[in-house]
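To start, the structure under review is shown below, and the notes come after it.
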Amino acid sequence: MSLKEKIDADIKSAMLAKNKDELRALRSIKSLILLAETDKGAQGEVSADAEIKLLTKAAKQRKESAEVYAGQGRADLEKIELDELAVIEKYLPKQLSEDEIAAKLKEIIAEVGAKGPGDMGKVMGAATKAFAGTADNKVVSALVKSLLSQ
């Protein structure tokens with residue numbers, strides 16, 4: 001079952017349960033998928049990798065919006081963003097812990113032959129591909145900096 005079909009089924013369930021918060025988040029995900037399918041040069045179907053990228057981007061937007069609202073003292077809007085984020089995260093792959101990321105980064109650093117902070121670009125290029133959808137790039141970047149500066 002593709003992500004689009006799963007979202008459609010979950011939208012129906014949320015409608016029947018009259019869960020407005022979940023319904024809003026599901027509709028936003030479906031909208032992202034439909035937009036990606038109709039983009040110029042799109043083949044009509046969105047690949048699994050593209051779906052993960054869409055969901056990751058949507059989750060990142062929700063996190064950033066929630067932080068902004070929290071900083072402005074708008075708890076009502078922050079809650080909406082966090083609720084939508086929770087729904088989006090159900091469809092993302094399991095996120096790796098910092099220990100798991102660090103272990104994999106040590107392997108990547110050895111593979112690319114990085115020696116110091118000047119090689120961060122090489123490491124981040126490989127790490128971004130390796131952690132696609134399973135780790136936040138901010139966390140990965142911070143860990144790469146600390147590992148390369150040792």
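The values are calculated or read from the model by the stated rules, or taken from the named source; none is laboratory data. What you see is a predicted model; the values in this text were computed from it and never measured. Counting neighbours? That spans all protein chains shown, and the Cβs are built from the backbone with ideal geometry, glycine included.
For Val46, the conditions (1) in a helix (DSSP H, G or I); (2) surrounded by 12 or more Cβ atoms within 10 Å (Cβ to Cβ) all hold with the exception of (1).
For the stretch 24-58, a residue qualifies if it is over 17 Å from Ala86 (Cα atoms) and in contact (Cβ under 8 Å) with a residue 60 or more places away in the chain, and exactly one does: Asp49. For the stretch 82-93, residues that are outside any helix (DSSP H, G or I) and surrounded by 15 or more Cβ atoms within 10 Å (Cβ to Cβ) total 2. Criterion first (in a helix (DSSP H, G or I), more than 11 Å from the chain's Cα centre (by Cα), more than 24 Å from Ile11 (Cα to Cα) and touching a residue at least 24 places away in the same chain (Cβ under 8 Å)) does Lys138 satisfy it? The answer is no for Lys138.
Does Asp21 count as of a type in the set (Asp, Glu) and touching a residue at least 40 places away in the same chain (Cβ under 8 Å)? Answer is yes for this residue.
Would you confirm whether or not the stretch 59-81 contains a residue that is crowded, with 17+ Cβ neighbours inside 10 Å and either assigned by TED's automatic domain parsing to the domain that holds Ala130 or not in a helix (DSSP H, G or I) (or both)? No.
When you look at Lys12, is it touching a residue at least 60 places away in the same chain (Cβ under 8 Å), over 15 Å from the mean Cα position of the chain (by Cα), more than 21 Å from Glu81 (Cα to Cα) and assigned to a helix (DSSP H, G or I), yes or no? Against the criterion (touching a residue at least 60 places away in the same chain (Cβ under 8 Å), over 15 Å from the mean Cα position of the chain (by Cα), more than 21 Å from Glu81 (Cα to Cα) and assigned to a helix (DSSP H, G or I)), Lys12 does not qualify.
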